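Have a look at the structure below before the remarks.
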Amino acid sequence: MNILENLNENQSKAVLATDGPLLILAGAGSGKTRVITHRIAYLIREKGVPPFAIMAVTFTNKAAGEMRSRIIDLIGPLGEQVFMKTFHSASVYILRRYGNIIGVPSGFTIYDQRDQEMLIKDILIEKNLDPKKIRPAMIASKISEVKDRAEILEGGDVNSLLPDYYSFSLSDIYEQYQLRLTASNALDFNDLLIKTVELLRKSPETLAALQKKWRYFMIDEYQDTNYSQYLICKYLASASRNLCVVGDDDQSIYSWRGADVRNILNFEKDYSDARVITLGDNYRSTIQILAVASSIIQMNKFRKEKMLNAFRGEGEPAVWCQANNEYGEAEYVVNTLISLKHREALKNDDFAIFYRTNAQSRIFEEHLRRENIPYRVVGGLRFYDRKEIRDILAYLRFITNPSDTISLSRIINTPARGIGAVTVEKIKDQAYQEQTSEWGIIRRGQQGNKKTSAGIRTFADIITRSMEMAPRVPTDMKLAEFVQEVIELSGYTASLKNDNSLESRSRLENLDEFINSIFEYQEFNPDATVDQFIQEISLLTTTEQPEPEDLPLETVTLMTVHNAKGLEFPVVFLTGLEEGLFPHVNSSDSEEGIEEERRLCYVGITRAQDRVYLTNAHQRRVYGNTQDKLPSCFLNEIPPELLKTTTHGPQENSISYNAAPTWGRSSSHDKSATREHAPSLKPAVSDSQYSVNQRIMHPRYGTGKIVEIQGKGDNVKLTIRFSSGGSKSFLEKHTPLERI
């Protein structure tokens, strides 16, 4: 196929601009992924660049996988050879091969946030500090924040950047934290980047080897890079100068994670001969939606000027609803959602409800549950965060790296083997006194010390046998088979089966699913070792958010605006647009903070394809107190002619919360107070022998309740929410049901 086929003029220009520094300003919905993948395909097929000479970097494994798949679709198997990674995966690749030059062992373990917190908790306890009062998560966040600072990479004093606390020294904890990481042959996620920068600076030979390996560089989401990532790009591309960065300064919303919008704003200063191409044709949203978004973002001073052109026509005007309180706001959102579903035949998964903070989701969840509308909250507990999964991962990590004391602490008495805290402390003390590893002390006990407890000997035997099996993967043993053996050896499955509670059965099902995931992994990675699998999972557990499981196929999506980046929905509700909430009070004390909040608002609006609703409440309960709220300053930046305005609920100055809806009680809000809400609905006529809310028994899925009936004659469709969880739809004609 012609690689330039179906590209617009500026997209084609970006694909053809192959040499030298290039900045592609990709506006929202402008097809940046298409441009990146077509540009890589063009380099390989038309310019004759070897695929392995191209380094392409993005921020999530999902995005990297999508790009690789698209490149393969364009040019075939050659696309598999492109070095397509996340920044952290690329750093792991470099450090595994060259890290020993700066003292990083090739077999290092990657510590994610949970591991960091466990390590910090141990340090706090040893310093006689209470981890319940001084949260390890807070300290881990502060350490990460400091490591993201440019001053650290430029030789600044760490102590001067760490805040002082009355009851403890954060500097001391930081020092101990780094010493223990080193002793455990471990790096945290910040260290992966920092150590890569250190390597590229200190080893000209390594830098030259990598520059010889990669000659063309594609950096996605450049507006989200931090200083370490900026330096990695700068050093690697300094020889060829074939650096193409793609991003949108108007969508830089992660400064709290270290992202620095100045990286993209200053690209032309870093590369005076850089070419700049703007992708301004938006294929996602309507003219009305983009007009609202543009009117807000244009208020930012620190941005590159760009205009978006909508290809989808005029569309419906944006709606601004002012509700009496947060309950009225949620009621308006859900009523509007129901109305649109019936009027325009929309599905649940056509709708997204965005909010600034996670705490706002509760009220929307209550209203959706009351209306029997299935939903998912993006940002809930992830699969790899579940206890049983993390326990087995800790076994695998310790088996591959017996210096990993964090994993050892997690598994030594999991499941319970009668190994108490005193025994564990004695092992730690003895290892410290003898300057050896804790595993070394355990092994010595296994080999004949009569005083060694039976629990320690059992644990040592489990690990020893597992270590003997690990090198057989993948030559003599499949990865999934190995993991199953480890789970059985550990006694984990037997322990859960003996417990035989609802929770233990759920954990067993999760372990089964974990094994299923490994089968899938080994299918695509047949030569993967245990080390490589652990590396993949370690990266995933911190940087990725898998899709929620056990949900109906069609669900309304609830999420923070930060989580909405990169997504799109036909209908978007952007809620809580009030001063102190959005823009958030923590970001309102500086111009930079307000500008990032404005970019966040812009991102939320530009997720909408067909309709966008902006809502705020006049009153909101905060920490148990009712507070009057002012509409967000962002709402006042939108020209009135671009908005259709409405109100919902009583608009008096004093609004009672006694009537706020709760479980089992219908809303007492005055629905007639909605001025321009959608017309009232009439029950749909159906030929069904059943009725909505009727309870039934399905021969396979058990008891449930009919929540929706659609269609006529032989096409009557029943949607049933089952007691076991989730909803399913069936054609009534072919579904044997029993009324109960």
Next on the checklist: Let's test the formula: R0 of 60 Å, r as the Cβ-Cβ distance of Ser144 and Phe519. What FRET efficiency results, to the nearest 0.05?
Outcome noted: 0.95
Item to check | Ordering of 605-616, 168-179, 258-269 by burial proxy (mean other Cβ atoms within 10 Å per residue, highest first) | outcome: 605-616, 258-269, 168-179
Item to check | Percent of beta bridges antiparallel (DSSP, the chain, rounded to nearest 5) | outcome: 30 percent
Checklist entry - Using the alpha-carbon centroid of each, what span in Å lies between the range 1-59 and the range 594-622? => result 32 Å
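Using a 1.4 Å probe over the heavy atoms of the protein chains, calculate the carbon and sulfur portion of the accessible area of the chain as a whole percent.
Numbers: 16180 of 33950 Å².
On the chain, the fraction of accessible area on carbon and sulfur atoms equals 48 percent.
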Next on the checklist: Between Asp589 and Asn6, what is the label-point separation in nm under the 7 Å Cα-to-beta-carbon projection?
Outcome noted: 5.1 nm
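Tell me, what is the FRET efficiency for Ser453 and Ser203 to the nearest 0.05, using R0 = 45 angstrom and their Cβ-Cβ distance as r?
0.45
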Item to check | Cα-based reach from Lys644 at 19 Å (exclusive), listing lysines while leaving out same-chain residues under 8 positions away | outcome: Lys671
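Express in % the proportion of alpha carbon pairs of the range 64-126 at distances exceeding 13 Å. Numbers along the way, then the final one.
Values: 1420 of 1953 pairs.
Roughly 73 percent, once rounded to a whole number.
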Item to check | Euclidean distance of C-alpha centroids, the range 232-278 and the range 465-498, integer Å | outcome: 46 Å
Item to check | Length-normalised contact order of the range 1-120 in % [C-alpha pairs under 8 Å, at least 6 apart] | outcome: 20 percent
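Using 0.36 nm per residue of separation minus the Cα-Cα distance, give me the extension gain between Lys712 and Lys301 in nm, one decimal. Walk me through the numbers on the way to the answer.
Details: separation 411, 0.36 × 411 = 147.96 nm, distance 5.70 nm.
142.3 nm is the gain from fully extending Lys712 to Lys301.
Tally Lys/Arg at +1 and Asp/Glu at -1 over every other residue whose Cβ is under 13 Å from the Cβ of Lys733; what's the total? Working shown, then result.
Values: positive: Lys712, Lys717; negative: Asp687, Asp714, Glu732.
Neighbour charge sum, excluding Lys733 itself: -1.
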Item to check | For the range 261-383, with +1 on Lys and Arg beta carbons and -1 on Asp and Glu, the positive-most of Ser272, Ala359, Asn300 along the dipole | outcome: Ser272
Checklist entry - Among Lys195/Lys565; Lys121/Lys142; Lys47/Lys213, which pairs are too far apart, with a Cα-Cα distance over 23 Å? => result Lys195/Lys565
Checklist entry - Using modelled backbone amide H atoms (1.01 Å from N, in-plane), which distant-in-sequence or interchain residues come within less than 5 Å of Thr560's amide H? => result Tyr355
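Using alpha-carbon pairs under 8 Å, 6+ residues apart, how would you state the relative contact order of the range 251-380 in percent?
Details: 82 pairs, mean separation 23.4, N = 130.
Relative contact order for the range 251-380 comes out at 18 percent.
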Checklist entry - For the chain, what are the DSSP H helices with axial Cα length of 18 Å or more and mean Kyte-Doolittle hydropathy of at least 1.0? => result none
Item to check | Projected label distance in nm at Asp157 and Lys426, using a 7 Å step from Cα toward the beta-carbon | outcome: 4.5 nm
Checklist entry - Hey, rough spin-label estimate for His342 and Leu78, points 7 angstrom out along Cα→Cβ, what's it come to in nanometres? => result 5.7 nm
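With a cut-off of 8 Å between alpha carbons and a minimum separation of six or more residues, what is the relative contact order of the chain in percent? Don't skip to the end; give the middle numbers.
On the way: 1178 pairs, mean separation 115.6, N = 740.
Here the relative contact order equals 16 percent.
Could you work out [θ]222 nm for the chain from helices alone, using -39500 (n - 2.57) per DSSP H run of at least four and dividing by all its residues? Round to the nearest 500 deg cm²/dmol. Mind dumping the intermediate values first?
Values: 28 runs with 315 residues, N = 740.
Roughly -13000 deg cm²/dmol at 222 nm, from the helical runs in the chain.
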Checklist entry - Counting only residues 5 or more places away or on other chains, whose amide H sits under 5 Å from the amide H of Thr555 once H atoms are built in the peptide plane? => result Asp349
Item to check | Solvent-accessible area per residue for the chain (1.4 angstrom probe, square angstrom) | outcome: 46 Å²
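The values are calculated or read from the model by the stated rules, or taken from the named source; none is laboratory data. Predicted model, so just to flag it, every value in this text is computed and none were measured. Counting neighbours? That spans all protein chains shown, and the Cβs are built from the backbone with ideal geometry, glycine included. These accessible areas exclude ligands, DNA and RNA; they are computed on the full protein's heavy atoms, side chains included. Shrake-Rupley method; radii C 1.70, N 1.55, O 1.52, S 1.80 Å.
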